[in-house]
Amino acid sequence: MECKEFTGLIQDFLNDRLEETKLSEFLDHIDECENCADELRIQYLIYEGLERLETGATFDVDKDLAEWMDEQRRKLRYRNGIKKAAIAAEIMTTAAFLIVLGIVMFYQ
Ligand SMILES: [Zn+2]
């Protein structure tokens, strides 16, 4: 992902509106690009900071942002896990079907 695309997606990221593929690329880019990580931090500060000011809640940018990113990473892993489980289940169903078919053919 390019830096330009990254900065354009920050708002969507903070609003939890990125679809899986984009979210994955987005999170990868943070790890490899310091400038964008900084940019995200600033936008998060503004985005969350304003909201917290209204509610009067305390705010620790680095900690809260790290938690938000962890949550997004977990969500991504969870979705990938479901996908793999679904594929595995399909393979097992097919295998079971073939075995049953094999047994039926054998005894005919
Ligand atoms: Zn970048």
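The table below lists the values:
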{"quantity": "Any chance Gly81 is out of contact with any Gly (no Cβ under 6 Å at 6 or more places or on another chain), within 25 Å of Cys3 (Cβ to Cβ) and small (Gly, Ala, Ser)", "calculated": "no"}
{"quantity": "Any hit, the stretch 30-46, residues being without any contact (Cβ under 8 Å) to a residue 24 or more places away in the chain, exposed (fewer than 10 other Cβ atoms within 10 Å of the Cβ) and either of a type in the set (Val, Ile, Thr) or touching a Pro at 6+ places or on another chain (Cβ under 7 Å) (or both)", "calculated": "no"}
{"quantity": "Test result for Asp70, more than 16 Å from the ligand (Cβ to nearest atom), in a helix (DSSP H, G or I), without any contact (Cβ under 8 Å) to a residue 24 or more places away in the chain and in contact with a Lys or Arg (Cβ under 9 Å, 6 or more places away or on another chain)", "calculated": "no"}
{"quantity": "Complete set of residues in the stretch 1-17 that are assigned to a helix (DSSP H, G or I), away from the ligand (no atom under 11 Å from the Cβ) and of a type outside the set (A, V, I, L, M)", "calculated": "Gly8, Gln11, Asp12, Phe13"}
{"quantity": "Yes/no for Ala89 being modelled with pLDDT of 90 or more, assigned to a helix (DSSP H, G or I) and more than 16 Å from the ligand (Cβ to nearest atom)", "calculated": "yes"}
{"quantity": "Failed item in (1) surrounded by 10 or more Cβ atoms within 10 Å (Cβ to Cβ); (2) more than 25 Å from Ile10 (Cα to Cα), with Phe106 passing the rest", "calculated": "(1)"}
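The values are calculated or read from the model by the stated rules, or taken from the named source; none is laboratory data. All values derive from a computational prediction rather than experimental measurement. Virtual Cβ from ideal backbone geometry, glycine too; neighbours counted across all protein chains shown.
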